[in-house]
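What follows is a single structure, written as structure tokens, with notes after it.
The values are calculated or read from the model by the stated rules, or taken from the named source; none is laboratory data. Keep in mind that what you see is a predicted model, and the values were worked out from it rather than measured. When we count neighbours, we look across all protein chains shown, and the Cβ atoms used for this are built from the backbone with ideal geometry, even at glycine. Quick note on the areas: whole protein, heavy atoms, side chains included, nothing else; ligands and nucleic acids left out. Shrake-Rupley method; radii C 1.70, N 1.55, O 1.52, S 1.80 Å.
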Amino acid sequence: MSESFVIIGDGISGSSAAETLREEAPDADITVITDEGEALYNRILIKEFAKGKLPEAPISIHEEGWYEDRDIDLELDTLVTDIRTDDHEIETHEGDVLEYDKLLLAVGGTPQQLPVEGSDADGVHHFWTFQDARRIRESAEAADDAVIVGAGLLGIDLAAICGAQDIEGKYLMRGNSWWRYALNEEGAEIMHEAMRERGVEPVFESGVDHFETDDDGHVTAAIDPNGDRFEADFAGVAIGLNLNTELVEDTPIETDDGILVDEFMRTNDQDVFAAGDITRFNDLILGEQAQNGAWGSAKEQGTIAAKNMLEYGSEEFRWVSSYSITHFDFPFLSFGHPTLGDDEVMRSFGDDEWRRLALKDGKIVGGVLIGNLAPQSAYKQLMREQVDVSGQKDLLMTEGFSADDLETEGAAAE
């Protein structure tokens, strides 16, 4: 009798798991369930769509025929309401019950709403799904003034959308710089100036106390905690994700700000695995539990989860993630865990080039590169190999740095 695999979630992690399962288990029963109305699409490209730079066509990755060709049962617009691990079954909102031998949870999260008055007004947008991108594009094309809230990697996408749609924008930040946990003043100012060049003005030590609306319930302004008023008929909010752990609240599956998994993507239930944003995984490079929602990381987690669903312990998740920003005239890349660590080293190279590495116990655990991405391969290699660089930190910041420049003991980069 063939094995039955159920995957909840059709993002890149769930889809890559389904693809791997089919490749390695030709006779298995595979079902993918998603509450979205469309099959896998490129979350990286939806921001270009929202900017008005792309049509819809290149964004879809899998049509429904892709699943049919691989004999994978895809169930769209389907919400899982119950998981019964003892019985190895799940139930959907329509009362359908599916049995499984192995279950993969790739359920991700939903954007956090600002806990302020007016946050649910028409014209206040969160950016996560393709449907969000459609609404944002339509709203932005008709807007004159905007506010953006959320000084991180997703917030800057919303700022770039405003710039591309010629909306005068105010980027309200609680601190004194964008992504202040990973950038110093010099690095952040490169980003601030790039925003200004596109008509988006950073506003520091700010935020939103409440939104004002008109009689039709459409946003008209944001009032910050200082009492300053910023006119806006478009608002973008990106303050983080609420991970969808409520699905396992009544199960024995362990959670801690995400679903806990080991380096093989298995939960504390031997027949339940998880992948993608939802996971808090055993990061073998960092040496502790960690989270990472980057596209490449999620894809790899899905692949690794599938392999271990077939043969537990066959392959571990060991990955250095990357996240790039392509909105400006210069490249931007973060990798690993740039906001963690117990030490750092950084340097500027002129007006639009800057780099920083985060270290833990003398080893690279993450970094940010602005303007020149050439050193990324060397840094990632040193990070993967867990080379102790504590005595040679200045060398890491040389302009043409190569991993071969370091003196290492037995673990020299090749």
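Of all DSSP-defined beta bridges confined to segment 170-328, some 70% are antiparallel rather than parallel.
Let me make sure I get this right: for segment 322-367, a, b and c are the square roots of the gyration tensor eigenvalues over alpha carbons, sorted descending. Under 1.5 in a/c it's rounded, otherwise prolate if a/b > b/c, else oblate. Which is it? Spell out each step's value before the answer.
Numbers: a/c = 4.04, a/b = 1.62, b/c = 2.49.
Since a/c reaches 1.5 but b/c is at least a/b, the shape of segment 322-367 is classed as oblate.
Seen from a random direction on average, the alpha-carbon convex hull of segment 18-119 projects onto 9.5 square nanometres.
Of all DSSP beta bridges in segment 1-150, what percent run antiparallel (nearest 5)?
Details: 8 of 21 bridges.
Taking every DSSP beta bridge within segment 1-150, about 40 percent pair in antiparallel fashion.
The stretch between ASP215 and ASP120 holds 32.8 nm of extra length on full extension. This uses 0.36 nm per residue minus the Cα-Cα distance. For the chain, averaging the sequence separation of C-alpha pairs within contact (under 8 Å, six or more residues apart) and dividing by the residue count gives a relative contact order of 14 percent.
Ratio of alpha-carbon Rg to the 2.2 N^0.38 Å globular estimate for segment 238-392, to two decimals, please.
Details: Rg = 17.0 Å, N = 155, 2.2 N^0.38 = 15.0 Å.
Rounded to two decimals, the normalised Rg is 1.14.
Considering only DSSP beta bridges whose two residues both sit in the chain, what percent are antiparallel, to the nearest 5? Please report the intermediate quantities before stating the final value.
Working: 46 of 82 bridges.
Given both bridge residues lie in the chain, the antiparallel proportion sits at roughly 55 percent.
Direction-averaged projected area, Cα convex hull, segment 208-311: 10.3 nm², rounded to one decimal. log₁₀ I(q)/I(0) of the chain at q = 0.10, 0.12 Å⁻¹, via Debye over equal Cα point scatterers, no solvent, to two decimals? One equal scatterer on each Cα of the chain leads to -0.75, -1.06. Between ASP27 and GLU263, take the C-beta separation as r, use R0 = 25 Å, and let me know the FRET efficiency to the nearest 0.05. My answer for the efficiency is 0.35.
Whenever you get a sec, compute what percent of the accessible area on the chain sits on carbon and sulfur atoms (1.4 Å probe). Let's see the in-between values first.
Values: 7190 of 18150 Å².
Solvent-exposed carbon and sulfur of the chain make up 40 percent of the total.
Between GLU141 and ASP166, the simple spin-label model (points 7 angstrom out along Cα→Cβ) gives 1.4 nm.
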